[in-house]
Amino acid sequence: NAVRIRFAHALWGANNPLAARALVQEALHHDATDAQAHDLLGRLCIAFGDNEGAERHWRHATEFAPAWSAGWLHLGMLLSERGDAAAAETALRRAVELEPDARTYAALGGHLRAPKPNEAREFLEKACALDPTDSQAAMDLGNLYYAAEHHAKARPGTQALDVLRAQHDGHLRQILGHSPHLHMIALADDHRIKSVRHQPRHGPVRRTKLS
């Protein structure tokens with residue numbers, strides 16, 4: 001079955017999801033308890049717009065391999081998108097317990113942004129430290145800093161923008177395109193920096209440009 005799963009991954013990567021799905025279904029015919037096959041078929045179900053099928057297969061993956069994080073991670077992400085907050089948090093926390101890495105930290109942190117922003121920030125900071133190329137985690141973290149500073153009546157967005165700039169200098173405009181309020185702050189900050197460019201300097205002035 002491992003060979004079938006690897007070949008199915010290759011077929012999907014070659015933009016042939018129908019053949020990939022057929023091969024995974026064949027793998028499950030040979031071994032209905034293969035958690036990796038259920039996980040891959042769950043992801044293929046998402047590609048075909050079958051969320052119910054994806055949930056069914058990911059639940060099978062967690063049933064047949066309860067100590068494998070991928071099934072819990074994908075199930076939790078699906079439940080989060082569906083709005084089943086409590087069940088999603090349980091699944092994502094289990095994924096973090098089993099495999100504390102950038103993906104699981106980012107997924108749990110993203111899910112906890114609204115109900116538990118302080119805890120979400122801790123997980124997202126860990127995710128960004130482990131994988132500085134994760135633009136979604138950086139954007140989620142930036143938005144949390146923005147909300148916290150705005151709530152504190154501080155100059156809104158500065159810390160959020162600094163996080164994004166520090167983590168993603170080369171992709172800043174792309175990331176800001178997904179977060180319009182940060183984009184406006186970026187432009188305002190850039191204008192402020194330009195406005196002091198020709199003024200006498202009485203100390204170090206941070207001059208950060210958009211890439």
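Points worth noting:
- Stretched out straight at 0.36 nm per residue, the stretch from ARG6 to GLN25 would grow longer than its current Cα-Cα span by 5.5 nm.
- Solvent-accessible area per residue for region 87-150 (1.4 angstrom probe, square angstrom): 45
- Heavy-atom accessible surface of region 1-152: percent carbon and sulfur, 1.4 Å: 53
The values are calculated or read from the model by the stated rules, or taken from the named source; none is laboratory data. Since the model is a prediction, treat every value here as computed from it, not as a measurement. Quick note on the areas: whole protein, heavy atoms, side chains included, nothing else; ligands and nucleic acids left out. Shrake-Rupley method; radii C 1.70, N 1.55, O 1.52, S 1.80 Å.
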